[in-house]
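K.L.:
Pasting a structure here, questions to come.
The values are calculated or read from the model by the stated rules, or taken from the named source; none is laboratory data. In this text the structure is predicted, and so the values were computed from the model without any measurement. Heads up, the Cβs are rebuilt from the backbone with ideal geometry, glycines too, and the neighbour counts pull from every protein chain shown.
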Amino acid sequence: MPTGQQDTRKKVRAVRGRREPSPMDTSTDGGLGERLTAGPTALTTDDAVHLQTTAGNQAVSGLLASQSEGSAKRKPGELDDTAESPKKKGRQRKYGPGRHGDKKHEQQRLKAAFGVAVTGDTHESEHAIGYEPLSQTADLPRGKSTRAKELENYAPAYQEAYERHRGHIGTGTTNEVDASGFNSHTYRDSQRKLVQEGDVSSAVQLNQLGYAFDPAFRGDDEAERIADDSYDVMVDNLHSLMYADGDDDASVDVDAVQRAEMYLARRAARTGVWPTAEEIAAAKKKFGVGA
């Protein structure tokens, strides 16, 4: 069985106060909290960046529930009114920051922030949860109907460096297993199961896992710094997720704990080391966890 499906993956759960065993843990009880207080530790390929527990094992094995009790059913096209609305400045932005449909505004924002052109030649819109997982149980060919277009445009997305995005397991379709242990099909099926469970954080962390084994992803080039900034904007604004459930649309809430996890997961994938206790505390403060 491929590594990503066989091994239990660690994901950033310290902000939830949970203690989960790690294959790398040398403490007597395998507590994540104790491991993090010992300082940053290098991550290996076999550890799969320790981003996933449920995604690497339970999700692929189909052990997750088919529908989260916290999910709210909606009629097709009925949008979640709990999501934050973008500030009005000039022409109103329909989709808001951190959504695929807002990519042109996001490219303009990044150009202003970094002083360089951000276009389809330098970056691409990374669907942190792909269209196929979001539409899996509905007859919604991509881009062929209003409902399909709205589902994709309201999906969380950020601007990832072009070459990194081209090489991701979720871009295109392949049966070949990548270094994370997933192929395109198992990756998408795992994301779908996690979304149905209401674990949006794990689904997004699984997306980042797909980048973690690319050596260039660990670099400090400007293209990746731009992507980091765009990713953070997506996480900051990800308060709910809409997905298709047959003829209806469902929505799951994304709380501050999940946002803190996603925020830390990007940093773990980019650096290859665990977030320190100080970094975890800073993430908790940033997102108001435990406030």
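K.L.:
All but one of (1) part of a helix (DSSP H, G or I); (2) modelled with pLDDT of 95 or more hold for Tyr211; state the number of the condition that does not hold.
P.N.:
(2)
K.L.:
In the stretch 255-274, what count of residues is obtained for those that are touching a residue at least 40 places away in the same chain (Cβ under 8 Å), surrounded by fewer than 23 Cβ atoms within 10 Å (Cβ to Cβ) and outside any helix (DSSP H, G or I)?
P.N.:
The total comes to 2.
Residue by residue, here is whether (1) β-branched (Val, Ile, Thr); (2) surrounded by 20 or more Cβ atoms within 10 Å (Cβ to Cβ); (3) not in a helix (DSSP H, G or I) holds:
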position	(1), (2), (3)
Glu106	no, yes, no
Ala117	no, no, yes
Gly120	no, no, yes
Pro133	no, yes, no
Arg142	no, no, yes
Lys149	no, no, no
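K.L.:
I'm told Ala155 meets every condition in (1) at pLDDT 95 or above; (2) touching a Ser or Thr at 6+ places or on another chain (Cβ under 9 Å); (3) of a type in the set (A, V, I, L, M, F, W, C) except one. Can you identify the failing condition by its number?
P.N.:
Every condition holds for Ala155 apart from (2).
K.L.:
Continuing with the same structure: Quick check on the stretch 166-194: of everything there that is in a helix (DSSP H, G or I) and buried (at least 24 other Cβ atoms within 10 Å of the Cβ), which residue is farthest from the chain's Cα centre (by Cα)? Outline the logic, then answer.
P.N.:
Just the residues of the stretch 166-194 that are in a helix (DSSP H, G or I), to begin with: 166, 184-194.
Among the residues that remain, those that are also buried (at least 24 other Cβ atoms within 10 Å of the Cβ) are: 187, 190-191, 193-194.
Values: Tyr187: 12, Ser190: 12, Gln191: 9, Lys193: 14, Leu194: 11 Å.
Checking each candidate, the answer is Lys193.
K.L.:
Could you please tell me which pairs satisfy a Cβ distance under 6 Å, a separation of 6+ or placement on different chains, a first residue in the stretch 169-180 that is in contact (Cβ under 8 Å) with a residue 24 or more places away in the chain, and a second residue that is among the charged types (D, E, K, R) and surrounded by 11 or more Cβ atoms within 10 Å (Cβ to Cβ)?
P.N.:
Ile169/Asp178
K.L.:
Just to be sure before I move on: is Arg218 touching a residue at least 24 places away in the same chain (Cβ under 8 Å), within 21 Å of Ile169 (Cβ to Cβ) and over 16 Å from the mean Cα position of the chain (by Cα) in the structure I sent?
P.N.:
Working: touching a residue at least 24 places away in the same chain (Cβ under 8 Å): yes; within 21 Å of Ile169 (Cβ to Cβ): yes; over 16 Å from the mean Cα position of the chain (by Cα): yes.
The answer is yes for Arg218.
K.L.:
Residues Ser230, Ser251: which one is polar (S, T, N, Q) and either at pLDDT below 95 or not in a helix (DSSP H, G or I) (or both)?
P.N.:
Numbers: Ser230 fails: either at pLDDT below 95 or not in a helix (DSSP H, G or I) (or both).
When all the criteria are applied, what remains is Ser251.
K.L.:
Report yes if Glu222 is of a type in the set (Asp, Glu), at pLDDT 95 or above and closer than 20 Å to His165 by Cα, otherwise no. Show your work before the answer.
P.N.:
Numbers: of a type in the set (Asp, Glu): yes; at pLDDT 95 or above: yes; closer than 20 Å to His165 by Cα: yes.
So Glu222 fits the description; yes.
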